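Presented below is the structure to which this report refers.
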Amino acid sequence: GVKYLKYLDNQLPDEIRSPIERIYFVLASYNVGIGRVLTARENAEKFGKDKNRWNGHVDYYLLRRSRKEPVAKPDSLDSYPVDYKTEGFVDNIVNRYYHYRNLIK
């Protein structure tokens, strides 16, 4: 598992310099795939958001990739099972980390 997380981290551009932001991007890539995360970064930049920040920037475009746009995109939730969930995954993992860190001294 750790090797895979390192692999994902190595696939991310070096311009994501903040260690915390990189963790968010790695966790999201683990959940939905590096390709979808990189596409969401492109969309964030295209619409004027910071492509190197997760919360409120790239996550917004990752979660809304299934919404109808003027031109249909092939990357859509229509091709995923109904129970496919992305929203909150990264935040849930980070919150668990801090919860366990507070329990273990």
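Here are the numbers for this structure:
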{"item": "Estimated inter-spin distance, Ile104 and Glu15, nm [label 7 Å along Cα→Cβ]", "result": "3.6 nm"}
{"item": "Two-site label geometry, Asn92 and Lys6: point separation in nm, points 7 Å out along Cα→Cβ", "result": "2.8 nm"}
{"item": "Nearest-10 value in Å² for the accessible area of Phe47, using the 1.4 Å probe", "result": "100 Å²"}
{"item": "Neighbour-limited loop hits for trypsin sites (Lys or Arg not before Pro), region 1-35 (at most 16 other Cβ within 10 Å; DSSP other than H, G, I, E, B)", "result": "Arg17"}
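The values are calculated or read from the model by the stated rules, or taken from the named source; none is laboratory data. Computed from a predicted structure; not experimentally measured. We place every Cβ from the backbone using ideal geometry, glycine too, and count neighbours over all the protein chains shown. The protein model used for the area step is the full one, side chains on, heavy atoms only, and it has no ligands, DNA or RNA in it. Shrake-Rupley method; radii C 1.70, N 1.55, O 1.52, S 1.80 Å.
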